[in-house]
Structure formats: C-alpha cells, structure tokens
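Read the structure below first, then the notes.
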Amino acid sequence: MAAVSSSRMTTQDVTGPGSIQVTSNNRTSPHYLGQHWNLTSKHLQTVFFPDHHTGENLAAGLKDTLDSWGLQEEKQICLTTDNGSNIVKASELNEWQRLQCFGHRLHLAVNCGLKDDRIDRAVRVCKRVVSVFSYSW
C-alpha cells in the first residue's frame, strides 16, 4: 500500500493515551478523544492500492498503515466501513471490531425506500404540484 499523500502530523499526534477508531475507504482517518475529552479526527493518508481489493490484501494494507504510523493495534476499538464483503473480511481477518458507516446505511435505506412504488408515486405527485405552482408564478 503506497501512500499518495499525508498530512503534516506526527505519530505523536495520534498515539496519546486514549483509544482510536479508524475509518477506511482507501484513506485512513483515526478518531479519538483528546486530552480534554474533545473528539479529535485526523487524516493520516490516502493510498494508491494497485492490488486486487481482496479481504486478505486489505487486511494486510490496514495493518501496514497502523504500523507505519506507530499506532498500537490494541488501542483500536473499531473500524468503520461500508458493507463491502472485502472490507468485512479484512476486519474479520484482523480480528477487529467493525462498525457500519451510518451515512452508507442511510444511503442504502433511502435508495431502497425510493424503489417502493408508493413512494415513487408520491414523489411524482409532489413534483407535479410543485411544477404547477412554479409555472403559475
């Protein structure tokens, strides 16, 4: 996993006494509680990942990222991901607790709801009502 860019921070910035939570979508962003209980987020790196995105490759790449930043694996409390089978497998292979991304879950739920014929009809009716009022102004 080759780093394309990284912020100007040191491992000291994210290796404090607290636990960390890592978000992964070809980027690594730890989130943790700072010294005064303030939620802190850092962007460590965005990576170019030319290998196949298999669970095994992602698991190794994520471990390499933690190692390269000097982050202790035992301080990681969870990994936030989408529902892709490859990242789910990577989390299982590394024996890391996985948290599903709320934004991704919400997106899936809204898209599923919009496929319902009743919702589709309601949206079409609302668009017609809005277009009538917009045209009359």
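Observations, loosely collected:
- Considering 71, 99, the condition of being assigned to a loop (DSSP other than H, G, I, E, B), touching a residue at least 60 places away in the same chain (Cβ under 8 Å) and either in the same structural domain as residue 31 (by TED's automatic domain parsing) or among the hydrophobic types (A, V, I, L, M, F, W, C) (or both) is satisfied by 71 alone.
- Against the test of being surrounded by 15 or more Cβ atoms within 10 Å (Cβ to Cβ), touching a Pro at 6+ places or on another chain (Cβ under 7 Å) and without any contact (Cβ under 8 Å) to a residue 40 or more places away in the chain, the options 93, 33, 44, 58 yield a single qualifying residue, 44.
- Residue 119 being closer than 30 Å to residue 52 by Cβ and surrounded by 13 or more Cβ atoms within 10 Å (Cβ to Cβ): no
- Any hit, the stretch 40-49, residues being modelled with pLDDT under 85, within 15 Å of the chain's Cα centre (by Cα), charged (D, E, K, R) and under 30 Å from residue 109 (Cα atoms): yes
The values are calculated or read from the model by the stated rules, or taken from the named source; none is laboratory data. Here the structure is a predicted model, which is why all the values come from computation and not from measurement. Counting neighbours? That spans all protein chains shown, and the Cβs are built from the backbone with ideal geometry, glycine included.
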